[in-house]
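What follows is a set of notes on a single structure, which appears directly below.
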Amino acid sequence: CVVSGTHVTPPHSTIRPGFPVSVNTNNPEVRKAARFGVYRYNNSSNDLFLFKESQIKKAMVQIVRGLKYMLHVEIKRTVCEKRDHSILDSCHFQRGKNLQRMLRCYFEVWITPWTHEVHIPVAHCH
């Protein structure tokens, strides 16, 4: 959904296909898309620990045969080790100074709701 002020409208009623618009970073669909980006990062990193999103800085959505989210997200290292296959929601952020790590990421997450497909063509973190 696209949020304009406090009124939530379905994406198809206010946006033309192919035109990206800003969307509220607290939107549940945006948060879900950010988590998909984090999964992609965790699967490709060689860090011992899992990362999870700490803050979604900016979010845009574009209608292109589904919904393409363009997200600027900060992710932080958690205390959960990759090998434990932890559920990210139960993983707390590292508190030890020498283990803390924050990365800024840009994710493009393309969700096709009617087929339940998710593609993450872009996942850059630094």
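The values are calculated or read from the model by the stated rules, or taken from the named source; none is laboratory data. Computed from a prediction, not measured in an experiment: that's the story for all the values here. We place every Cβ from the backbone using ideal geometry, glycine too, and count neighbours over all the protein chains shown.
A few notes on this one:
- Any hit, the range 106-118, residues being at pLDDT 95 or above, within 12 Å of residue 53 (Cα to Cα) and out of contact with any helix residue (DSSP H, G or I) (no Cβ under 7 Å at 6 or more places or on another chain): yes
Rundown of residues vs (1) out of contact with any helix residue (DSSP H, G or I) (no Cβ under 9 Å at 6 or more places or on another chain); (2) basic (Lys, Arg); (3) under 17 Å from residue 20 (Cβ atoms), yes/no style:
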{"site": "61", "(1), (2), (3)": "no, no, yes"}
{"site": "66", "(1), (2), (3)": "yes, no, yes"}
{"site": "71", "(1), (2), (3)": "no, no, yes"}
{"site": "76", "(1), (2), (3)": "yes, yes, no"}
{"site": "81", "(1), (2), (3)": "yes, no, no"}
{"site": "84", "(1), (2), (3)": "yes, no, no"}
{"site": "104", "(1), (2), (3)": "yes, yes, no"}
{"site": "121", "(1), (2), (3)": "yes, no, yes"}
{"site": "124", "(1), (2), (3)": "yes, no, no"}
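- Residues in the range 86-98 that are within 12 Å of residue 51 (Cα to Cα) and of a type outside the set (Ser, Thr, Tyr): 87, 88, 89, 91, 92, 93, 94.
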